[in-house]
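Visitor: Here's a structure for you.
What follows draws every value from the coordinates through simple rules; no lab data is involved. Not measured: the values here are computed from a predicted model. Because the Cβ atoms are built from the backbone with ideal geometry, glycine has one as well, and the counts that use them run over all protein chains shown.
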């Protein structure tokens, strides 16, 4: 498989209402599904999708402190509830992608990633590689990860796609970039204007202005997104943060054309 690969992350705050538990933003989900369909039909790129947990898994994750492990019966039950909530939103996303004719298949990070003391220990993605050959659209998501020391933890979608992208580059794949589809035209400065570029040189200048996220978010919101994107950029995979439902923006971004948003680069 020699197609260039583009990773696309659909923000949980875009496709759900983070202030209303277990509530999908159906309009936004329909729009982003159409935009992805447009990308797949009009480019020769291999797309790998990931989506956030939104108002689904973040709620039980906060209640049971799942990101810090599972040590007792209550926390183990909580871990299972977080897995269920993450999977529930994923099924909704998959069904919407199938409606527009995309061969979307779910890949649970719980079954692919293994961590040790909250850090990646092993990534087993052979089934995903085989599906790429068949032309499948893989869809991953932020999820509970088995941890050899803590029992479990949570990997955000940014970390899931980041680790996957890095491994694919090591394995000889051409991973061009990751595109974050959110609710805004990139990262805004204190005046509400889009910051065109964030890199290792100016990150400290903007860092304090990068708030967490609207609603409950156990993985850190915009600051986490930018920090993880900088890590990827240092490994050769730049990131772009755009408005996910602005018609045509995603296609232009995938094609490398000019689009209003924030580039995260070295």
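Visitor: Once every Cα of region 148-266 carries one equal point scatterer and solvent is ignored, give the base-10 log of I(q)/I(0) from the Debye formula at q = 0.11, 0.13, 0.14 Å⁻¹, two decimals.
Guide: -0.37, -0.52, -0.60
Visitor: In region 32-74, which residues have a backbone nitrogen under 13 Å from the label point lying 7 Å from residue 95's Cα in the Cα-to-Cβ direction?
Guide: Taking a point 7 Å out along Cα→Cβ of residue 95, no residue of region 32-74 has its backbone N under 13 Å.
Visitor: Full extension from residue 174 to residue 227: what is 0.36 nm times the residue separation minus their Cα-Cα distance, to one decimal in nm? All intermediate terms of the calculation are to be shown ahead of the outcome.
Guide: On the way: separation 53, 0.36 × 53 = 19.08 nm, distance 2.23 nm.
Going from the current span to full extension adds 16.8 nm.
Visitor: Oh, and also: Nearest 0.05, what FRET efficiency do residue 23 and residue 188 give at R0 = 22 Å with Cβ-Cβ as r?
Guide: It comes out at approximately 0.35.
Visitor: Among 265, 111, 106, what is the fewest-to-most ranking by other Cβ atoms within 10 Å? Don't jump to the answer; show the numbers that get you there.
Guide: Working: 265 18, 111 12, 106 15.
The most exposed by this proxy come first: 111, 106, 265.
Visitor: How large is Rg over Rh for the chain, taking Rg from the Cα atoms and Rh as the Kirkwood inverse mean of 1/r across Cα pairs? If you can, show how the numbers build up before the last one.
Guide: Details: Rg = 17.2 Å, Rh = 18.4 Å.
Over the Cα atoms of the chain, Rg/Rh equals 0.94.
Visitor: Considering Cα pairs under 8 angstrom that are at least six residues apart, work out the relative contact order of region 1-85 and quote it in whole percent. Numbers along the way, then the final one.
Guide: Numbers: 104 pairs, mean separation 28.2, N = 85.
Relative contact order here is 33 percent.
Visitor: Right, next: Taking the Cα centroid of region 178-198 and of region 79-110, what is the distance between the two, rounded to the nearest whole Å?
Guide: One Cα centre to the other: 27 Å.
Visitor: Moving to a separate point now. With springs connecting C-alpha atoms under 10 Å apart, model the chain as a Gaussian network and identify which of 90, 185, 208 has the largest mean-square fluctuation.
Guide: Among 90, 185, 208, the largest mean-square fluctuation in the Gaussian network model of the chain belongs to 208.
Visitor: Mind grabbing the base-10 log of I(q)/I(0) for region 80-121 at q = 0.14, 0.26 Å⁻¹? Debye formula, identical points on the C-alpha positions, no solvent, two decimal places.
Guide: -0.44, -0.91
Visitor: For q = 0.10, 0.12, 0.14 Å⁻¹, what log10 I(q)/I(0) does region 67-169 give under the Debye formula with an equal point scatterer on each alpha carbon and no solvent?
Guide: -0.29, -0.42, -0.56
Visitor: Order 236-248, 161-173, 16-28 from most to least packed using the mean count of other Cβ atoms within 10 Å.
Guide: Working: 236-248: 20.0, 161-173: 18.2, 16-28: 16.5.
Per-residue mean Cβ counts within 10 Å order the peptides as 236-248, 161-173, 16-28.
Visitor: How would you order 190-203, 45-58 from highest to lowest mean count of nearby Cβ atoms within 10 Å? Each step should come with its number before you reach the end.
Guide: Working: 190-203: 12.4, 45-58: 25.9.
Sorting 190-203, 45-58 by mean packing, highest first, produces 45-58, 190-203.
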